[in-house]
Amino acid sequence: MAIKRVVWVCAMAVLAANATAQVRVENAWMRNMVPGQYVAGAFMKITAEESGKLLGFSSPIVTAIEMHETSMSNNVMKMRAVDNVDLHAGKSIEFKTGASHLMLYGVKKKLIAGEEIPFSLKFEDKDKRVRNIDFKMKVREPFLP
Ligand SMILES: [Cu+2]
């Protein structure tokens, strides 16, 4: 029995290592906030090797993070929170200004431009297993495009 358990633990370790390669995060950045502002936008490119589902984000310095989609309705840009985003094998999705983006609510500390914030994303892989990937989010000046 003891031997079987060791093999199982090793198998888990291999799976965890593979997860990192399945989804890649690039150019992750967030806008720094001006005094009195409590919500920040964040942007990045995510590339998936295999199909799956993006489930959400977290960071120790942010209270809540939502994924938002934007749409135009009567010349007014509207955004709405979505619970998940499909990942397609070999394709990228982009969270960018004026389009889908992340909203960070309740940033717990004062940020400095250039600083890198620890973030984690959660996704469901093609076998319906939930996985996490850690990455860094770079803080930029609030008024740069
Ligand atoms: Cu939004």
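The values are calculated or read from the model by the stated rules, or taken from the named source; none is laboratory data. What you are looking at is a predicted structure, and each value in this text was computed from that prediction instead of being measured. Cβ sites come from the backbone with ideal geometry, for glycine too, and all protein chains shown count toward neighbours.
Would you call Lys126 in contact with a Ser or Thr (Cβ under 8 Å, 6 or more places away or on another chain), of a type outside the set (A, V, I, L, M, F, W, C), farther than 14 Å from Phe43 by Cα and part of a loop (DSSP other than H, G, I, E, B)?
yes
Scanning segment 59-93 for residues that are away from the ligand (no atom under 16 Å from the Cβ), touching a Phe, Trp or Tyr at 6+ places or on another chain (Cβ under 7 Å) and part of a strand (DSSP E or B) yields one hit, Leu87. Give the residue that is nearest to the ligand (Cβ to nearest atom), with candidates limited to residues of segment 98-123 that are in a loop (DSSP other than H, G, I, E, B) and either at positive phi or in contact with a Leu (Cβ under 6 Å, 6 or more places away or on another chain) (or both). Step by step, filter segment 98-123, then rank; the result is Gly98.
Residue pairs whose Cβ atoms lie under 6 Å apart, separated by 6 or more positions or on different chains, with the first residue in segment 91-106 and within 16 Å of Val34 (Cβ to Cβ) and the second surrounded by 16 or more Cβ atoms within 10 Å (Cβ to Cβ) and at pLDDT below 95, are Leu104/Ala40.
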